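Derivation of every value follows stated rules applied to the coordinates shown; laboratory data play no part. Since we're looking at a predicted model, the values are computed, not measured. Reconstructed Cβ throughout: ideal geometry from the backbone, glycine too, with neighbour counts over all protein chains shown.
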Amino acid sequence: MAFTFVLGLAALFQLVAVLMALRLNTIYRRRYAWLFISGAGVLMTLWIGAGIVDTIQSPPGDIIWEPTLWVQTLATLLTAILFFAGIATIEPLFKENEAARALLASENALLNREVQHSREEMMLAQRVQSNLLPRSAPHVPGLDIAFLSRPAEWTSGDYFDFVQPDDDTLIVTVADVCGHGLGPALLMTTSRSYFRGIARTRKQCQPIINTWNNAIAEDVEAGDFMTALVVRLDLREQQIEYLGAGQNGLLIQSDGSFEELERSGPPLGVIDNFEYPCPDPITLESGQILVLCTDGIHETEGQDGSQFGTHRIADLIATHRDLTAAQMVKRLDIEVRNFAVAAKAHDDLTAVIIKIA
């Protein structure tokens, strides 16, 4: 009877452990894990039950001469007790795991809301900035104008604009705030307001860029700056003048040759009250093409580590100089994309092409 009692006690522990496992499964929904645990417990219970039945049907003759049976029986009881204890003590771990899972789910939900909120804010900033840039090129008799504007992120630190103070004058600028993203985009927005107000009242490049530089120098911190190229086209006098603040441009001639519109001084905001030189006028001729690009195009890196560069831009435009300005801009965009080693641009890309009819 002693063997039967021990086996019965083992079966009881095993059965209670199985019931506890099923209860935990019901609470915490770990179906697959508890399916194996509960299955093992059920099989162990059946094995112990079979041992009880076998002991009842064929009881051992003498306890003294059955040490192996005692060891097996006590081992079975100990196994059942350990299984029961394991199930009993594992519940706190599941409670902690469930609490951690709930906390993680809550934090993920909060993070998703923050990301969505930030995304909506960036989309709003993108819409606001895009509304500040020209939506179409101005229609000026004798000029064919087109532009390219592709930000590297949601917002752009590049700026371009057209101002017509009178019927015979067009002032064009292409500028690039140091860096890209939201911060440079905010400075670009401020710079736009300055440029438009200045260009409408001061029709020459020198007073425009001098006044613009002083205004920006008051707003930026040390180390921040903006490169800019300002070009004035005088259709009455058939002349072009330009000043480059840390930025150059290109003038493609009708025969395919080109000259670089060199920088005239430091970027805007670097030196307060800097006096940019008075520009020398350039004669305006039919077939000339003005190309104004930011560094994002010049510095696009190719597979071999080289940059797209000024000469590639000049050669490309000269080769396709019979196309319209819009077609040349499209061709430039395609060539830069094909040349780039990375699918996503690392800097904002901006270009303005003006073809003289």
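With charges only on Cβ, +1 for K and R and -1 for D and E, what is the dipole size of the range 136-356 about its Cα centre, in debye, rounded to 20?
560 debye
Test of understanding: what is the full-extension gain from E301 to I81, defined as 0.36 nm times their sequence separation minus their Cα-Cα distance?
Working it through step by step, the gained length comes to 72.2 nm.
Give me I353, I240 ranked fewest to most by other Cβ atoms within 10 Å of their Cβ, as a rough exposure proxy.
Ordered from fewest to most neighbouring Cβ atoms within 10 Å, I353, I240 come out as I240, I353.
Out of the range 254-348, which GluC sites (Glu not before Pro) are coil in DSSP terms and have no more than 13 other C-beta atoms within 10 Å?
Passing both the DSSP loop test and the Cβ count: E262, E275, E285, E299.
So what's the net charge close to I271: Lys and Arg +1, Asp and Glu -1, counting the other residues with Cβ under 14 Å from its Cβ?
Here the count lands on -3.
Relative to the present Cα-Cα distance, how much length would full extension add between K95 and R200 at 0.36 nm per residue of separation?
30.7 nm
Please list 3J(HN,Hα) in residue order for the range 192-203, calculated via the Karplus relation 6.51 cos²θ - 1.76 cosθ + 1.60 where θ = phi - 60°; whole Hz, with x for glycine and proline.
So the J values, rounded to whole Hz, are 4, 4, 4, 4, 5, x, 6, 5, 6, 10, 10, 8.
Within a Cβ distance under 12 Å of T324, other residues only, what is the Lys/Arg minus Asp/Glu net charge?
+2
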